[in-house]
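Before any comments, here is the structure.
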Amino acid sequence: MKLFYAPTSPYARKVRMLALEKGLDAGIETVPVDVSRPTPALLAANPLGKVPALLLDNGEALFDSPLICRYLDSLTTPALIPPAGWYQWEVLRWEALADGMTDAAYNLAMEQRSRPESERSPAAMQRWADEITRTLQYMEPRMDTPGDGLTLAHLALGAAIGYLDFRLPPLLQDAGCPRLTDWYRQFRERPAMQATRPG
Ligand SMILES: N[C@@H](CCC(=O)N[C@@H](CS)C(=O)NCC(=O)O)C(=O)O
């Protein structure tokens, strides 16, 4: 298998962590891509030109990160997506929440980094910042619900908070979420988090 990724992509980080945690990394060749200049190989795998994209040995490709995580999780045990039942919905909801917050963070970071100030939309930037703060504050009193064992929820959250910490640290600090921050400080010490640090 070949995984197209960008070293700073939080979505690709979630997939790379899942592969590491499940011991699948040795069977996956990682191909770094500059998404501002997508290569023909990436576009052949994913016409959207986004990472992550996973090219399977049978020539089929899978995208986006939730789908790739489901596929990789199905390959080996222990499963990081729990079996059918409410806890599975809980874990998948955390993934959706974390990925959705990452969408806002990615948009905001790109607006700040890639556009000249005169072309930026202050209204859109404020909306994304508000989405992030609201989501962090929604997560804070619910930090028990992902549970103690490792699941896809934890990986998605680690990648999402890691991206905020990397690109937008004031938003994380100003949200006033001590439980979430403490959780992240511990979680970021995991070898899979360390091995996939952006930058
Ligand atoms: N929902 C997608 C989002 C993927 C995504 O937006 N990746 C960014 C990198 S962090 C990208 O490839 N951007 C390039 C572009 O939008 O053209 C996923 O979960 O995989």
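Just a few scattered comments:
- With respect to the stated conditions, E111 is on the phi < 0 side of the Ramachandran plot and in contact with a Lys or Arg (Cβ under 7 Å, 6 or more places away or on another chain).
Residues checked against (1) within 15 Å of the ligand (Cβ to nearest atom); (2) surrounded by 14 or more Cβ atoms within 10 Å (Cβ to Cβ); (3) in the same structural domain as L18 (by TED's automatic domain parsing); (4) aromatic (F, W, Y):
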site	(1), (2), (3), (4)
L54	yes, yes, yes, no
I68	yes, yes, yes, no
L80	no, yes, no, no
A104	yes, yes, no, no
R115	yes, no, no, no
E119	no, no, no, no
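- Pairs with Cβ under 6 Å, 6+ apart, first in segment 35-49 and in contact (Cβ under 8 Å) with a residue 24 or more places away in the chain and under 16 Å from L62 (Cα atoms), second more than 11 Å from the ligand (Cβ to nearest atom) and of a type outside the set (F, W, Y): A45/L55; A45/A61
- When L18, L24, L55, L75 are checked against the criterion of being more than 20 Å from H154 (Cα to Cα) and in contact (Cβ under 8 Å) with a residue 40 or more places away in the chain, a single residue qualifies: L55.
- Checking every residue in segment 155-171 against the condition of being more than 28 Å from A19 (Cβ to Cβ) and either out of contact with any Phe, Trp or Tyr (no Cβ under 9 Å at 6 or more places or on another chain) or of a type in the set (A, V, I, L, M) (or both) gives at least one match.
- The helices (runs of 4 or more DSSP H) located wholly in segment 1-79 that include 2 or more residues which are more than 18 Å from the chain's Cα centre (by Cα) occupy 40-45, 65-75.
- Residue match in segment 59-66 (condition: assigned by TED's automatic domain parsing to the domain that holds P7, more than 16 Å from the ligand (Cβ to nearest atom) and within 30 Å of E29 (Cβ to Cβ)): yes
- Condition met for P116 (closer than 26 Å to I28 by Cα and over 17 Å from the mean Cα position of the chain (by Cα)): no
- Number of the exception - K22 against (1) more than 16 Å from P10 (Cα to Cα); (2) within 10 Å of the ligand (Cβ to nearest atom): (2)
- Whenever a residue of segment 105-125 is farther than 16 Å from V35 by Cβ, its partners that are more than 15 Å from the ligand (Cβ to nearest atom) and not small (G, A, S), lying with C-beta atoms within less than 7 angstrom and at least six residues away or across chains, give the pairs L108/M125.
The values are calculated or read from the model by the stated rules, or taken from the named source; none is laboratory data. Please read all numbers here as calculations on a predicted model, not as lab measurements. For neighbour counting, all protein chains shown are included, and Cβ atoms are generated from backbone atoms with ideal geometry for every residue, glycine included.
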